[in-house]
Amino acid sequence: MPDSRQHPPAAAAQTLQSVRSLFDIDSDLLVPVFTERDPHVPDIDPAYRFNKDVTLAILAGFTHNRRVMVQGLHGTGKSTHIEQVAARLNWPCVRVNLDGHISRLDLVGKDAIVLREQQQVTEFQEGIVPWSLQRPVALIFDEYDAGRPDVMFVIQRILERDGKFTLLDQNRVITPHPHFRLFATSNTVGLGNLNGMYHGTQVLNHAQIDRWNIVATLNYLPQDEETQIVLARVPAMNDEAGRQLAARMVAVASLTRHGYAAGDLACLMSPRTVITWAENCQIFRDPALAFRLSFLNKCDEAERPMVAEYYQRCFNEELLASQA
């Protein structure tokens with residue numbers, strides 16, 4: 001993180017550009033784009049495919065200073081979605097992965113011993129929240145529902161659009177930068193680990209959840225769109241044989257999701273897993289071996305025969321006994 005003693009930057013210049021030209025979405029909306037890129041601006045992934053509803057929700061956060069939470073199952077690209085929107089807006093972006101060890105001092109700041117002119121002095125060093133508040137930065141709280149509820153109340157005030165932040169250690173009140181934005185991603189919307197899949201998540205205070213202006217849901221895409229994403233991420237498969245292979249892989253993933261929904265499986269294949277499987281296919285040149293190493297070995301032994309049956313249905317061949 002840059003030196004907290006630096007003066008916050010002045011507001012950067014912005015221009016209005018069309019959502020249609022930036023994101024290939026059928027909309028007449030105009031969104032602000034910074035004219036210069038900052039080192040904190042994410043790199044653009046030209047292969048990324050945007051979900052229309054979620055993209056418009058995120059753009060509302062950037063354009064109208066709304067607090068946006070993106071909720072959905074794992075591996076759907078929630079954080080990446082926010083980053084890729086920010087990348088096309090040239091908007092600086094900082095991600096903070098919340099976990100049970102994140103403390104108030106990490107978010108707010110603490111006194112630290114530093115060297116100044118060959119002398120040890122005690123100096124307050126800002127945490128990520130006050131540092132971001134004073135800059136044109138989109139602050140993203142990843143795994144928001146994994147943060148400790150008592151710690152999460154630190155950001156209660158800044159969840160309001162014009163909310164100021166009080167640094168008790170410094171007797172200072174921070175007014176947010178006009179281009180500061182706040183986002184979060186979560187798997188459970190603060191309801192806790194209801195289905196047993198997301199251990200470590202917390203039940204969050206509903207008064208805090210209520211302060212998020214927009215809650216968008218990003219779940220798994222239709223099979224055709226997911227296949228296109230796999231091909232975009234693994235260009236070596238973008239031929240006739242590769243397209244057929246990718247379609248079969250996505251079909252297997254879809255069956256695992258239906259099996260999970262029906263209570264037959266305790267785990268499922270996310271789009272991230274399918275992409276990993278495709279990448280491993282390029283390494284091992286064997287879809288069955290790559291499938292075992294990418295997903296099958298993560299499953300409970302009692303469930304592997306059923307997963308092997310899903311594979312057989314889609315590939316018209318059985319996994320070897322050693323693989324299932």
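Summary of computed values
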item: Scan of the stretch 125-138 for residues that are in a strand (DSSP E or B) and either closer than 30 Å to I44 by Cα or free of Cβ contacts under 8 Å to residues at least 60 places away in the same chain (or both), ordered by number; result: E126, A138
item: For A57: the one exception among (1) out of contact with any helix residue (DSSP H, G or I) (no Cβ under 9 Å at 6 or more places or on another chain); (2) open to solvent by 20 Å² or more (accessible area, probe 1.4 Å); (3) at negative phi; result: (2)
item: Residues (in a helix (DSSP H, G or I), open to solvent by less than 30 Å² (accessible area, probe 1.4 Å) and hydrophobic (A, V, I, L, M, F, W, C)) located in the stretch 278-303; result: A278, C281, A288, A290, F291, L296
item: Candidate set from the stretch 233-255 (those that are within 25 Å of the chain's Cα centre (by Cα) and open to solvent by 50 Å² or more (accessible area, probe 1.4 Å)); member that is modelled with the lowest pLDDT; result: R233
item: Filter result (aliphatic (A, V, I, L, M) and open to solvent by 10 Å² or more (accessible area, probe 1.4 Å)) within the stretch 152-182; result: V154, L168, V173
item: Selection count where residues are assigned to a strand (DSSP E or B) and either crowded, with 17+ Cβ neighbours inside 10 Å or at positive phi (or both), scope the stretch 96-123; result: 2
item: Yes/no for L221 being out of contact with any Phe, Trp or Tyr (no Cβ under 7 Å at 6 or more places or on another chain) and part of a helix (DSSP H, G or I); result: no
item: Residues that are of a type in the set (D, E), within 14 Å of R49 (Cβ to Cβ) and at pLDDT below 90, drawn from the stretch 208-232; result: E225
item: Hits in the stretch 215-228 - residues which are within 21 Å of the chain's Cα centre (by Cα) and either open to solvent by less than 40 Å² (accessible area, probe 1.4 Å) or free of Cβ contacts under 8 Å to residues at least 24 places away in the same chain (or both); result: A216, L218, P222, E226, T227
item: Counted residues, the stretch 60-76 - those being open to solvent by 30 Å² or more (accessible area, probe 1.4 Å) and out of contact with any helix residue (DSSP H, G or I) (no Cβ under 8 Å at 6 or more places or on another chain); result: 3
item: When residues of the stretch 256-277 are limited to those that are in a helix (DSSP H, G or I), open to solvent by less than 60 Å² (accessible area, probe 1.4 Å) and out of contact with any Gly (no Cβ under 8 Å at 6 or more places or on another chain), the one farthest from L218 (Cα to Cα); result: W277
item: Failed condition for G163, given (1) in a loop (DSSP other than H, G, I, E, B); (2) modelled with pLDDT of 85 or more; result: (2)
item: Residue in the stretch 146-158 that is in contact with a Phe, Trp or Tyr (Cβ under 9 Å, 6 or more places away or on another chain), part of a loop (DSSP other than H, G, I, E, B) and modelled with pLDDT of 85 or more present; result: no
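The values are calculated or read from the model by the stated rules, or taken from the named source; none is laboratory data. From a predicted model like this one, the values you see are computed outputs, not experimental measurements. A quick note on method: Cβ atoms are made from the backbone with ideal geometry, for glycine too, and the neighbour counts reach across all protein chains shown. The accessibility values were calculated without ligands, DNA or RNA, using every heavy atom of the protein model including side chains. Shrake-Rupley method; radii C 1.70, N 1.55, O 1.52, S 1.80 Å.
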